[in-house]
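The values are calculated or read from the model by the stated rules, or taken from the named source; none is laboratory data. For clarity, every value in this text was computed on a predicted model and none was experimentally measured. All Cβ positions, glycine included, derive from the backbone under ideal geometry; neighbour counts span all protein chains shown.
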Amino acid sequence: MHRFSHHTGTVMPLRRSDIDTDQISPARFVPYYARGGYTNILFADWRDDPAFVLNQPEHQGATILVAGTNFGTGSSRESAVWALQSAGFRVVLAPRFGDIFHGNALTRGLPAVTLPAEEIETLWDLVDADPWLEVTVDLHTCQVRHSGRTLPFAIDPAARERLLRGADLVTETLRHDHRIARFERARHPRLPRTFDAGPHPDPLEVAP
């Protein structure tokens, strides 16, 4: 997982609310893609509409998605996060997120930052007027900055620390490898044990 301290980029204004994970990453595509290949399925059911914001030339290269409330509700699906990251998004801003999506996003290195609905509306309007408006999301100060405005946001302290260090939950667990090994050595030999069988390839990194 890459470290995230701060990011400055342009905005993709997605003026829709109640977007669920099946709209972000339709289930019918999920079994056929490896982790890095989700770009083309992001919002696949809306991409045929030339007016859809992802098809607008002025928003190509945007790295900050600004969506309406209840973004990422619905089923648990890591591919929803992978699709956004594969398409180049580094941050998602919204008034509210689905709980499972929010957890998956933070775990996978995609800051999902909550801002008040009126600030999201203001940002949409500013980007409509200037598609090249730059927005900064700063995890050190927990601030979103744009147009001379400074907007504080809250984030789980443990998730913030992992993002700043670029450490996922597996990396966090391995920090305690010596303690785990000591615990295993002290266990009664008849109790279940874990064994290190060496490195295993991540099946999600291998194209089908």
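General remarks:
- Single residue of Gly109, Gly103 found to be assigned to a loop (DSSP other than H, G, I, E, B) and either within 15 Å of the chain's Cα centre (by Cα) or at pLDDT 95 or above (or both): Gly109
- Here Pro131 fulfils each of the conditions (1) outside any helix (DSSP H, G or I); (2) under 20 Å from the mean Cα position of the chain (by Cα); (3) within 26 Å of Asp18 (Cβ to Cβ) apart from (2).
- Of the residues making up the stretch 147-167, not a single one is polar (S, T, N, Q), touching a Ser or Thr at 6+ places or on another chain (Cβ under 7 Å) and at pLDDT 75 or above.
- Where Ile64 falls short, out of the listed (1) of a type outside the set (Asp, Glu); (2) touching a helix residue (DSSP H, G or I) at 6+ places or on another chain (Cβ under 6 Å); (3) modelled with pLDDT of 95 or more: (2)
- Of all residues making up the stretch 45-63, the number that are out of contact with any Lys or Arg (no Cβ under 9 Å at 6 or more places or on another chain), among the aliphatic types (A, V, I, L, M) and surrounded by fewer than 20 Cβ atoms within 10 Å (Cβ to Cβ): 1
- Single residue of the stretch 64-79 satisfying the filter (in contact with a strand residue (DSSP E or B) (Cβ under 8 Å, 6 or more places away or on another chain) and farther than 17 Å from Leu42 by Cβ) that is surrounded by the most Cβ atoms within 10 Å (Cβ to Cβ): Asn70
- Filter result (without any contact (Cβ under 8 Å) to a residue 24 or more places away in the chain and either among the small types (Gly, Ala, Ser) or touching a Gly at 6+ places or on another chain (Cβ under 6 Å) (or both)) within the stretch 91-122: Gly103
- Leading residue by the ranking (nearest to Thr8 (Cα to Cα)) among those in the stretch 43-86 that are in a strand (DSSP E or B) and within 11 Å of the chain's Cα centre (by Cα): Ile64
- Residue in the stretch 70-81 that is closer than 20 Å to Leu123 by Cβ and either of a type in the set (Asp, Glu) or touching a helix residue (DSSP H, G or I) at 6+ places or on another chain (Cβ under 6 Å) (or both) present: yes
- In the stretch 80-90, the residues that are buried (at least 24 other Cβ atoms within 10 Å of the Cβ) and touching a residue at least 40 places away in the same chain (Cβ under 8 Å): Ala80, Trp82, Ala83, Leu84
- If you check Phe97, Phe153 for being buried (at least 18 other Cβ atoms within 10 Å of the Cβ), over 21 Å from Gln60 (Cα atoms), touching a Phe, Trp or Tyr at 6+ places or on another chain (Cβ under 7 Å) and not aliphatic (A, V, I, L, M), only one passes: Phe97.
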